Amino acid sequence: MSMPNTDSLPLTAAAASTSTNATSRNSLWWDAFRRFKKNKLGVVSFYVILLYVVVAALAVTGILYPDISVPNQADAYASISLSHPFGTDIFGRDILGRAIHGTVTAISIGLLASTLSLVIGLVLGSVAGYFGGKVDAAIVWLYTTVDSIPYILLIPSLTFVLGRGLINVFIAVGLTSWVTTARLVRGEFFKHKHRDYVMAAHALGANDRRKIFGHILPNVAHLAFVQFGLGFVSAIKIEVILSYLGLGVDPSQPSWGLMIDDAKNELARPYWGNLAAATMFMFGLILSFNLFNDALREALDPKMKNK
Amino acid sequence: MALSKAYPARQFRPRGQTATFVQVLLAGAVAIALAITGCTKKRFDENDNSLNLVLRANVKGLDPISANDLYSSTVIAQMYEGLLEYNYLKRPFTLQPALAEAMPEVSKDGLTYTFKIKKGVKFHDNAAFKDGKGREITAQDFIYSWKRLADPRNASEGFWIFDGKIKGLNEWAQMVKAEKANYDTPVEGLTATDSNTLVVKLTGVYHQLPFVLAMPFASIVPKEAVEKYGKEFLNNPVGTGPFVLEKPTDWVRNSKITLKKNPSYRPATYPTEGAPGDAEKGLLADAGKQVPFIDKLVFNEIVEDQPRWQNGLKGNFDWFDIPKDNFENAVKDNKIAPELGAKGMALDVTPALDVTYIGFNMTDKELGKNKLLRQAISKAFDSKTYIQKFLNGRGVAAQGPIPPGVDAYDDVYKNPNAEFDLAKAKELLAKAGFPEGKGAPELTYEALSDATARQGAEFFAQSMAAIGIKVKINSNTWPQFQEKIKGQKAQIFGIAWGADYPDAQNFFQLFYSKNKTPGPNDSSFTNLEFDKLYEESLKLPAGEERTKLYRKLRDIVADESPWVFNAHRLGYRLVHGWVGNFKWTEVANDYPKYIRIDAKKRAELGSKL
């Protein structure tokens, strides 16, 4: 886990943690890390996620299954063997390789989309919470409006406008999933903006930007972490759904959603390689992400500190 | 901190509550299970004299002038009729009078056709008429309907059937465009000498006229309904056909269309003679009886293969196609699988009289001007593998537009650009200015959104990747897909053409420049020599001389490669045991009226499905 540079946050660390002494050893973050380590399930999940990332990185660099989009007609619908643990698909491509490359798609969409939604959510939430008044009213209006449109309609319509493709999917997901983050951050800002440490910063002459980004934001940053994780999971799921519906990534790009789409016809053969591989890969990643998120949330929650 | 409040769902749930939740779930499951088993006992009503069919794409609209796709025109053909129709049983396909009293009298020069129209035929009862009662049809109705087809404001995809053929009709259309004429302005080539005599004068010989008159485009529509409904006429069909859409809500968009038997349908009988062997198959048992035999006709729209197949097996459709992924289980040694045969189903195999192809937009900056690029793409596409993979070998690799079974089909001809050869394709691509695909434009392929169509698109993209051309794939619904093609917005598109009538001209008109999209020339192919030869071929009756011209036309198309010729398909479908009088008709869509359903047998066989 990344740790903030404590030098830049002397006040925040002091104010947020209950300790009066702002050393890095018992800062909120260190404390959270210590507690996170105690959660075995969380740690295992973290390693599983790490494994996915490593596998994806190996696939991107071409070490694992470099020729996955090259068809091999002679090998179509091969059954399970050592060289093809999940068999091959209609075009003779190795299904395990497809699933691994699908991981790349999933992780990149998760990463990009949840980063985008996090940035939008954090900025809008902090600005709304900090300034209040008309700015707040405007932002609340915006996110209430966005939130009132069911995402299952909003995202497909956005992808209709933007067209298919990885980038467009991540823009569509990012632009529609920032509301919860914004709402949470806004609430936190309301609470924090009149706290003593902010007043102190104000008294020392800090401007708005410094107070928002230098002081309050680091104190609500744990929220961002958890939101990021949740966003990641939902972005992966949305990508799969969109690709399944034919609105997601370009079909030339491997995706779990496309594999399940293939599988719905192939099950009649009966041929289940695509379905098994895609769902197992999805299951592993999403389950570990959820467990990891839970562990992270517990670790970062000051209320759980003494448990 | 606020965290725990933000995630109440993750907090503890009292155990007692969980238990009740499970109980509720269980109770629900039991209730549903009971309901299902309750249903299976009586799945089909013994008195339900209905025919249930399935379409694999969505219907666009129910106006005859927009009947340019198979799915819409299949439904339209149930409600609308024209002067002529095909004999249900005879092969090769033979025309017979429908709303006409008899086959037309043709003048010696072949330029004047005189039709006598049946007396006493009435339009469907509809609020558009006085007292809601359908009025009798007249010759004037045909003139009105055909003017409507020509009216440029309607931008009909079907005007090609009369374009430049009927004296004064094109001029009339021009005047309407300039707002100098209306529907009362006479057209020289279309006159009604009395209320049931229609005289059609042609600009030149048009041997295909009787064929096109059997197409839904040339159907008769009542002026009253068109005027009453305006744009909504698309959803409020009023014709003379054997079935009626009683109310617009009987059409649930993208789901199903329920038609009822037309109680005042004209006297029309089941054919008394058929092709050799029909009598032995029991197809002549109903000879001479009034049609239709069924009371209700339902068209279901199901885009995906598996739901269509599963519903078909369950007996929800009376016949249905076999998808590629189910083929091996359904057909063994070209016979129906025994376990399906034991359930009373039969296998029907009929050549589809069609050509599947990948069309290029010839107005496209890159593709339109670069013949070598098109040839390279064509050579890099392996239609034999495609047929194995997607059609289970049920088809022949197409060498040109004409399918086997249509006159002028040449079974020895090999199209030099259609034969798969990667090395030659790469050579051609280099000649086209893109060695190894360097500098080649990224192409966009428009496909339908179902899984099989997407896989077909992927197959094309892979074939192109092999010579270094990148292809992007777009998914569309059928109406969206059509819209893109008609607007020349689709760069490359995978589509098929099924014969409207059994004449090769129906395939060559797809390349005639005056039929440019929104007409049937989807590629907007323009070639002066082709146009000249095509126009010449129109003047000739069927025979050796015309066949020679057809070969020349084919050679031009093969060389210019506006399409990648893919396959001529063989239709495989399963027919349930309770369906009587089934004979697959490839060019006519009015078959439901001849079908007989044995509802008792359906109730009996259906309970075992």
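The values are calculated or read from the model by the stated rules, or taken from the named source; none is laboratory data. Model, not experiment: these values are computed from the prediction. So basically every Cβ, Gly included, is an ideal-geometry build from the backbone, and we count neighbours across all protein chains shown. Keep in mind that these areas ignore ligands, DNA and RNA; they rest on the heavy atoms of the full protein, side chains included. Shrake-Rupley method; radii C 1.70, N 1.55, O 1.52, S 1.80 Å.
Of the residues making up segment B:461-518, those that are of a type in the set (S, T, Y) and within 14 Å of another protein chain (Cβ to nearest Cβ) are B:S463, B:S475, B:T477. Among the residues making up segment B:302-342, those that are open to solvent by 10 Å² or more (accessible area, probe 1.4 Å) and closer than 30 Å to B:N262 by Cβ are B:I302, B:V303, B:R308, B:N311, B:K314, B:N316, B:W319, B:D321. There is at least one residue in segment A:90-98 that is at positive phi and either among the aliphatic types (A, V, I, L, M) or touching an Asp or Glu at 6+ places or on another chain (Cβ under 6 Å) (or both).
Going through segment A:62-76 one residue at a time, which ones are hydrophobic (A, V, I, L, M, F, W, C), part of a loop (DSSP other than H, G, I, E, B) and open to solvent by 70 Å² or more (accessible area, probe 1.4 Å)? Quick ask: steps written out before the conclusion?
In the first step, residues of segment A:62-76 are kept if they are hydrophobic (A, V, I, L, M, F, W, C); the result is A:63-64, A:68, A:70, A:74, A:76.
After this cut, where a residue has to be part of a loop (DSSP other than H, G, I, E, B) as well, the list is A:63-64, A:68, A:70, A:76.
Within segment A:62-76, A:I63, A:V70 qualify.
Exactly one residue among B:T240, B:T249 is open to solvent by less than 20 Å² (accessible area, probe 1.4 Å) and either outside any loop (DSSP other than H, G, I, E, B) or at negative phi (or both), and that residue is B:T240. Here the condition is being within 14 Å of chain B (Cβ to nearest Cβ), part of a helix (DSSP H, G or I), crowded, with 22+ Cβ neighbours inside 10 Å and in contact with a helix residue (DSSP H, G or I) (Cβ under 6 Å, 6 or more places away or on another chain); of A:V220, A:V249, it holds for A:V220 alone.
Here A:V48 passes the criteria (1) at pLDDT 95 or above; (2) within 14 Å of chain B (Cβ to nearest Cβ) except the one numbered (2).
The residue list A:V233, A:V198, A:V220 contains one member that is of a type in the set (V, I, T) and free of Cβ contacts under 8 Å to residues at least 24 places away in the same chain, which is A:V198. Look at segment B:224-237: where a residue is at negative phi and a partner is β-branched (V, I, T) and open to solvent by less than 50 Å² (accessible area, probe 1.4 Å), sitting 6+ places away or on another chain with Cβ atoms under 7 Å, you get B:A225/B:V238; B:F233/B:V226. Among the numbered conditions (1) in contact with a Pro (Cβ under 9 Å, 6 or more places away or on another chain); (2) modelled with pLDDT of 95 or more, the only one that B:P92 does not meet is (2).
Residue pairs whose Cβ atoms lie under 9 Å apart, separated by 6 or more positions or on different chains, with the first residue in segment B:325-350 and more than 14 Å from chain A (Cβ to nearest Cβ) and within 24 Å of A:Y77 (Cβ to Cβ) and the second charged (D, E, K, R) and open to solvent by 30 Å² or more (accessible area, probe 1.4 Å), are B:P338/B:K332; B:L347/B:K335. When B:G393, B:G437 are checked against the criterion of being on the phi > 0 side of the Ramachandran plot and within 14 Å of another protein chain (Cβ to nearest Cβ), B:G393 stands alone in meeting it.
Could you list, in sequence order, all residues of segment B:371-387 that are touching a helix residue (DSSP H, G or I) at 6+ places or on another chain (Cβ under 9 Å), of a type outside the set (S, T, Y) and surrounded by fewer than 19 Cβ atoms within 10 Å (Cβ to Cβ)? Before the answer, list the steps.
Of segment B:371-387, the ones touching a helix residue (DSSP H, G or I) at 6+ places or on another chain (Cβ under 9 Å) are B:371-382, B:385-386.
Add one more test, that the residue is of a type outside the set (S, T, Y), and what stays is B:371-377, B:379-382.
Hits for segment B:371-387 are B:K371, B:L372.
Checking the stated criteria, B:V199 turns out not to satisfy the condition of being at pLDDT 95 or above, of a type in the set (A, V, I, L, M, F, W, C) and over 29 Å from B:G110 (Cα atoms). Between A:D94, A:D67, the distinction of being touching a helix residue (DSSP H, G or I) at 6+ places or on another chain (Cβ under 9 Å) and within 14 Å of another protein chain (Cβ to nearest Cβ) belongs to A:D67 only. Taking the stated definitions as given, is B:N52 more than 14 Å from chain A (Cβ to nearest Cβ), open to solvent by less than 30 Å² (accessible area, probe 1.4 Å), modelled with pLDDT of 95 or more and over 30 Å from A:L184 (Cβ atoms)? Criteria met by B:N52.
Candidates are the residues of segment B:388-405 that are among the aliphatic types (A, V, I, L, M) and open to solvent by 10 Å² or more (accessible area, probe 1.4 Å); the one that is farthest from A:R93 (Cα to Cα) is B:I402. Condition check for B:L429 on (1) touching a strand residue (DSSP E or B) at 6+ places or on another chain (Cβ under 8 Å); (2) touching a residue at least 24 places away in the same chain (Cβ under 8 Å); (3) of a type outside the set (S, T, Y): one failure, at (1).
Of everything in segment A:257-289, what is part of a helix (DSSP H, G or I), of a type outside the set (D, E, K, R), facing chain B (nearest Cβ under 10 Å) and open to solvent by 10 Å² or more (accessible area, probe 1.4 Å)? Give them in sequence order.
Listed by number, the list holds a single entry, A:I260.
Does A:V198 qualify as being at pLDDT 90 or above, within 30 Å of A:G132 (Cβ to Cβ), crowded, with 22+ Cβ neighbours inside 10 Å and more than 14 Å from chain B (Cβ to nearest Cβ)? Judged against the criteria, A:V198 is a match. When segment B:478-488 is filtered for residues that are closer than 20 Å to B:V557 by Cα and open to solvent by 30 Å² or more (accessible area, probe 1.4 Å), only B:Q488 remains. Among the residues making up segment A:225-245, those that are open to solvent by less than 10 Å² (accessible area, probe 1.4 Å) and either within 9 Å of chain B (Cβ to nearest Cβ) or small (G, A, S) (or both) are A:V226, A:G229, A:A235, A:S243.
To keep it simple, each residue is scored yes or no on (1) surrounded by fewer than 22 Cβ atoms within 10 Å (Cβ to Cβ); (2) of a type outside the set (K, R); (3) in contact (Cβ under 8 Å) with a residue 12 or more places away in the chain.
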residue: B:G439; (1), (2), (3): yes, yes, no
residue: B:L443; (1), (2), (3): yes, yes, yes
residue: B:A465; (1), (2), (3): yes, yes, no
residue: B:N476; (1), (2), (3): yes, yes, yes
residue: B:A490; (1), (2), (3): no, yes, yes
residue: B:L510; (1), (2), (3): no, yes, yes
residue: B:K514; (1), (2), (3): yes, no, yes
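Taking segment A:25-47 as the range and being surrounded by 14 or more Cβ atoms within 10 Å (Cβ to Cβ) and among the hydroxyl-bearing types (S, T, Y) as the test, the residues that pass are A:S27, A:S45.
Would you be able to tell me the number of residues in segment B:273-301 that are assigned to a strand (DSSP E or B) and either open to solvent by 50 Å² or more (accessible area, probe 1.4 Å) or charged (D, E, K, R) (or both)? Matching residues across segment B:273-301 total 3.
Scan segment B:65-80 and give yes if some residue there is of a type in the set (D, E) and open to solvent by 10 Å² or more (accessible area, probe 1.4 Å), otherwise no. No.
The criterion of at least 3 residues that are open to solvent by 40 Å² or more (accessible area, probe 1.4 Å) is met by the following helices (runs of 4 or more DSSP H) wholly inside segment B:102-217: B:169-177.
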